[in-house]
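The values are calculated or read from the model by the stated rules, or taken from the named source; none is laboratory data. Only a predicted model underlies this, so the values are computations on that prediction, with no experimental measurement involved. FYI the Cβ positions are ideal-geometry reconstructions off the backbone, even for glycines, and counts take in every protein chain you see. The area values use the complete protein model at the heavy-atom level, side chains included, leaving out ligands, DNA and RNA. Shrake-Rupley method; radii C 1.70, N 1.55, O 1.52, S 1.80 Å.
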Amino acid sequence: MKLQLQKKLINLTTFYYLLVLEKDFSRAPQKRKKKQNKNVYKLMKAAYEIPFYRKRFEEHHLTPEDFHCAEDLAKFPVLTKAELREWMKELYDANPKTRDSWDATSTSGSTGVPLTLYQSQREHACANASWIRILMSFGYKPFTGKMVSFESSYRTEKKKKDSILQNLGILQRRIISEKRCVGDGTADAIRELNEYAPDLICLRKNCIVRIALYAQQHKLKVRKPKWYIPVSEMVDEVTRQILEKTFGPGLVDCYGSDETGSCLVKRPGKDYYDLCCDTHVVNIYDSENHLADNGRMILTPLYKTDFPLINYDIGDTASSYMKDGIRYVTTIHGRLNDMVKHENGEDTSVLELRKIPNGITGIAQFRYVQETYHDLRVELVRDPQDKTHTEEEIAEFFRGRLQELYGEEFRIKVVWLDVIPPDPNGKLRCFVCNVKDTI
């Protein structure tokens, strides 16, 4: 009974936030900036009463009065994933009487170690509402639209029979297990998508790419939705081209994380991401932790005043520009901690590796795997609809570009696959380093 009551309260609070959150991400920048500034100050006042953050304030000789806009957050220390993990554990151990009322979730562990997070019921509801309003921002109607989403720990594949409300055209949802989208089971998933004819498809990137490739390889027609969102992984240009061949021009690119919630959306036809200013700050820092247009993405969810995440280093890099006091992200480059390791002890960025596939056509998926200091494997999947270049030509192109970057440092092996399988956590990294540090 208690769990049912909590769920109803979350749903009610979600509806409340859906009414009060900003719906338009492109108009009235001064109004949006004013709201963001107000929420920055509100967050810092709340954080000042929390021992973990009070210590950070005092160590840097700061008070809440030092924070009245997004740019002021650059005065505050960056929060690392290791620090967040330690704080979450301390909170859990110190609060045996209240921790059962917290919502617990876990990140996928794409950086190596999963992170258990806690949030209040209110924060949970606000995060839900923010995601729904992002969907509404490009035209999706959450109550009358039809959505296909992915199976997760709290959303499992259900029987095909719709509820009474769904038969009336309200809250129509279909959950598809991504475990089915393997081999010839993908044909059944495509058949179900065509029969259900959703307005919106929301699946993990590696899964929706597998569906697109299977349809192209077997010449299956996929009914194009109005919109589709590849989630959990960065959408690179190669992925964009493959998906648009199968699903059409309705690609919506959203960005967020389990820790921070969704905060950026690039709608069809746009060349930049809109920021949810009332619920988030996205700052970009250079290597000296100064505000910059290019560098590390530092996220602050403004709605998280019970379990704050202030200046959270998400681990990704991006390019951006400022206009009317609002930051617009143009390109998300991916993980900063994906590094090529060298025998001399140096680490170098993989950003140049990510650019290589953009220089040639005929590729559907790619991944680099560094096995040793001198062995680099390139895994490629062929674009079944683009035969402009042979596999040998594409392989030679990669070898040439890699030699331009690294000279003769690596023995380069190019491997062609039917599909690149995801990692155990369900994601698909474009660079994997299996070199273990010896120091």
Exercise. What is the dipole size for the range 238-376, taken about its Cα centre, with +1 at each Lys and Arg Cβ and -1 at each Asp and Glu Cβ, in debye to the nearest 20?
Worked result: 620 debye
Exercise. Which whole-number percentage describes the relative contact order of the chain, with Cα contacts under 8 Å and a sequence gap of 6 or more?
Worked result: 14 percent
Exercise. What are the ³J(HN,Hα) values, in whole Hz, obtained from phi via the Karplus relation 6.51 cos²θ - 1.76 cosθ + 1.60 with θ = phi - 60°, for each residue of the range 338-346 in sequence order, with x given for Gly and Pro?
Worked result: 7, 10, 7, 9, 10, 5, 7, x, 7
For this session: Report Rg(Cα)/(2.2 N^0.38 Å) for the range 29-125, keeping two decimals.
Result: 1.23
Exercise. Going down the list 35/266; 89/436; 23/266; 33/270, which pairs span over 19 Å between their C-alpha atoms?
Worked result: 35/266; 89/436; 33/270
For this session: Quick one: pull the percent of accessible area on the range 291-439 belonging to carbon and sulfur, 1.4 Å probe, ligands and nucleic acids left out.
Result: 48 percent
Seminar exercise, completed: Note: the chain at 25 °C, 0.890 mPa s; Kirkwood Rh on alpha carbon pairs; Stokes-Einstein D in µm²/s works out to 104 µm²/s
Exercise. What whole-number value in Å² describes the accessible area per residue of the chain for a 1.4 Å probe?
Worked result: 49 Å²
For this session: Once you have a ≥ b ≥ c as the square roots of the Cα gyration tensor eigenvalues for the range 321-439, tell me rounded if a/c is under 1.5, and otherwise prolate or oblate according to whether a/b is larger than b/c.
Result: oblate
Exercise. Can you pull the Rg over Rh of the range 282-360, Cα-only, Kirkwood?
Worked result: 1.05
For this session: Give, rounded to the nearest 20 debye, the magnitude of the charge dipole that the range 242-314 has about its Cα centre when Lys and Arg contribute +1 at Cβ and Asp and Glu contribute -1 at Cβ.
Result: 280 debye
Seminar exercise, completed: Expected max-MSF residue from 123, 391, 259 in the GNM of the chain (alpha carbon, under 10 Å) is 391
Exercise. In deg cm²/dmol and to the nearest 500, what is the mean residue ellipticity at 222 nm of the chain if only DSSP H runs of at least 4 residues count, each as -39500 (n - 2.57), divided by the residue total?
Worked result: -10000 deg cm²/dmol
Problem set entry | Dipole in debye (nearest 20) - the chain, about Cα centre, beta carbon charges: Lys, Arg +1; Asp, Glu -1 | 2460 debye
Exercise. Rg and Dmax of the range 200-357 over Cα atoms: what are they, in angstrom?
Worked result: 17.3, 52
Exercise. Of 21, 61, 94, which is farthest on the positive side of the dipole of the range 17-143, counting Cα position, with +1 on Lys and Arg Cβ, -1 on Asp and Glu Cβ, and the Cα centre as origin?
Worked result: 21
Seminar exercise, completed: The long-range amide H neighbours of residue 333, using H built 1.01 Å from N in the peptide plane and a cut-off of under 5 Å, are 317, 318, 319
Seminar exercise, completed: Listed residues 124, 333, 374; largest mean-square fluctuation, Gaussian network over the chain with Cα springs below 10 Å, found at 374
Seminar exercise, completed: From the Cα centre of the range 263-302 to that of the range 124-148, the distance in Å is 21 Å
